[in-house]
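The values are calculated or read from the model by the stated rules, or taken from the named source; none is laboratory data. Source: prediction; values computed, not measured. Ideal geometry is used to build each Cβ from the backbone, glycine not excepted, and the neighbour counts take in all protein chains shown. Just the protein is used for accessible areas: all its heavy atoms, side chains included, with ligands, DNA and RNA removed. Shrake-Rupley method; radii C 1.70, N 1.55, O 1.52, S 1.80 Å.
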Amino acid sequence: MAKLKKVHVCQSCGYESAKWMGKCPSCNEWGSLVEENVEEVRKTGGTKNIPMKLAEIKLTTEDRTTTGIAELDRVLGGGIVKGSLVLVGGDPGIGKSTLLLQICQTLGELGNTVLYVSGEESCTQIKLRAERLRVTTSNLSLVSETTIASVREHIQTVKPDLVIIDSIQTMYDEEVGSAPGSVSQVRQVTHALMNIAKGKDITILIVGHVTKEGTLAGPRVLEHMVDTVLYFEGERHAAFRILRAVKNRFGSTNEIGVFEMVDKGLVEVANPSELMLSGRPLDAPGSVVGCSMEGTRPMLVEVQSLASFTTFGMPRRTATGIDYNRVVLLIAVLDKRVGIDMSNYDAYVNLAGGMKINEPSLDLAIVLAIASSFRNKVMDPYTVVFGEVGLSGEIRAVPMPEKRIIEASKLGFRRCIMPAVSKAKLPRIANIEIIGVEKIDDALKYM
C-alpha cells in the first residue's frame, strides 16, 4: 500500500504546504488551505525518450469527427479530435449539460458509441432531460458513477468513441484520501482521464464547475492538462449563449459559437448579426451600429448610450457588455478633444443582445452613441461604424475591414464610417458608401 503524508493544499491555486497558514503565499487567498492526505511520489527509473531532430519528426493529420453542430465545430476548429480531452465550463444553468446531450444525439446518429457518466444526476433524471431534448439515439449509454476506477471499467466494457464526464468535481479516486472536488482529487482524476483518452484514443468531454468569480473551480493545472477549454457565456435568464474557446491545441481561440436557448434545447444562430439587430429603434438618439470581429466572423451589434443630466457632484458611469475602463477613457477623450463636457451628465452604455465584446474596433461606435445621446441627434440607422479611438482623438485602423463592410452590405446598410487609413487599401464594394475619417470631429459631421 502506498504511503500517505499529510499536507495543506490551497483550494484556489493548488499550492502545497507542510503546515497550515491563514493566507496562501501563492494566490493571496485567505483561509483556503485545507489538510489532505497525499500519496508520496516514489522515484522510478522509467523509460527515457531519445531526442530527435525537428526535420526527422513526421507529422500526422489529426483525425477529426464533426459533431453535427456547426457552431460547436467552428469553435473546436473543425470538429472533435480523437484522443483529446475537452473541458467545458460555465455558470450553473447556462446549458452545459444540455449541449452535451445534444452532442450525444448527433454523434449517435452518425454511428458513434457514446458513454455518459454523471455524478450529479441519476439515470432517470438524465432520461427525463433527454426526452425533453428529443435525444433518442440507441448508441448512448448512461451510468451514474463517481469513482474513477468504476469509470475505467465501464469504458473497458462499452468501448465508446466518446465519453462525457458530468462533472469532474464529483469524481474521486479511492486511493487519494481527500474529499471529492478537492485539489488533489481533481488533479488525480483529470490525470487518469488524460491517460485513458491518449492511451485508448477516446475523446473525453469534461464538465467543470465555476467559482463565484466566474473562473473554473479547481487547480489551474486542470486547464493546463486538457487539450481544449470551452467556456459558456451569457446571462442565465437571457436567450443567447456564447461558446468561446479559452484554450485550443487543435484550432484557433478567436472563434465563437452563438446559440439560442429554447424549450427544446440549444439552437444554432447562423447569422448572429441579423438576430442582434432585430427590433432596434431607427429614430432614437444614442443608438449606433458597430461591427466587431470574433475570429473570422464579423458581427454587427447595436451600441446604446444614454446621457442624463445629474445634480450630483460625481456623475455615474455604467457599462454593460463593454469594458468599463474603456468607456471612461473614451468619455475623457470626448471632453478633451471634442469639447463634449460630460462632468454634469451620467453616462450609461449598453451592448444590446447580451453580448460581451472587448475589441477596440467598437470605440468609434461608443463615442458616436454617447455624442448622439448628449446632443439628442439621431444617427442614420443604415450607417455602420468601426474604428479604434486613440487618446489624441485620432481614428486608428482595425484588421479585416473588407469583411466587416461586406457583412454590413448584406444586411442592407448603405453607409460605412471607418478609419481613413484602412479605406485607402480597400477595393470598391457595391451598394455601400464608404467614408474614411481621421478624427472624431470628422465622424461627428455625419450625425
What are the residues in the range 167-180 that are open to solvent by 10 Å² or more (accessible area, probe 1.4 Å) and not in a loop (DSSP other than H, G, I, E, B), if any? 169, 170, 172, 177
Only one residue in 430, 420 is more than 19 Å from residue 274 (Cβ to Cβ) and either among the hydroxyl-bearing types (Ser, Thr, Tyr) or in contact with a Gly (Cβ under 8 Å, 6 or more places away or on another chain) (or both), so which one is that? 420
All positions within the range 404-447 that are within 19 Å of residue 285 (Cα to Cα) and either β-branched (Val, Ile, Thr) or touching a Cys at 6+ places or on another chain (Cβ under 7 Å) (or both): 417, 440
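Output the residue which, of all residues in the range 242-265 that are of a type in the set (A, V, I, L, M, F, W, C) and within 14 Å of residue 73 (Cβ to Cβ), is most open to solvent (accessible area, probe 1.4 Å).
Step one: of the range 242-265, the residues of a type in the set (A, V, I, L, M, F, W, C) are 242-243, 245-246, 250, 256, 258-259, 261-262.
Filter again for within 14 Å of residue 73 (Cβ to Cβ), leaving 243, 245, 250, 256, 258-259.
Working: 243: 0, 245: 3, 250: 63, 256: 1, 258: 0, 259: 2 Å².
Ranking the candidates gives 250 first.
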Would you point out the residue of the range 147-166, among those that are assigned to a strand (DSSP E or B) and either open to solvent by 10 Å² or more (accessible area, probe 1.4 Å) or β-branched (Val, Ile, Thr) (or both), that is nearest to residue 197 (Cα to Cα)? 163
Is it the case, given these coordinates, that residue 144 is touching a helix residue (DSSP H, G or I) at 6+ places or on another chain (Cβ under 6 Å) and open to solvent by 40 Å² or more (accessible area, probe 1.4 Å)? yes
Some residue of the range 85-92 being open to solvent by less than 90 Å² (accessible area, probe 1.4 Å), modelled with pLDDT of 90 or more and closer than 22 Å to residue 263 by Cα: yes
Contacts under 8 angstrom Cβ, first residue in the range 390-406 being closer than 15 Å to residue 437 by Cβ, partner assigned to a loop (DSSP other than H, G, I, E, B) and of a type in the set (Ser, Thr, Tyr), 6 or more apart: none
Can residue 386 be described as within 15 Å of residue 302 (Cα to Cα), open to solvent by less than 70 Å² (accessible area, probe 1.4 Å) and either of a type in the set (A, V, I, L, M) or at pLDDT 90 or above (or both)? yes
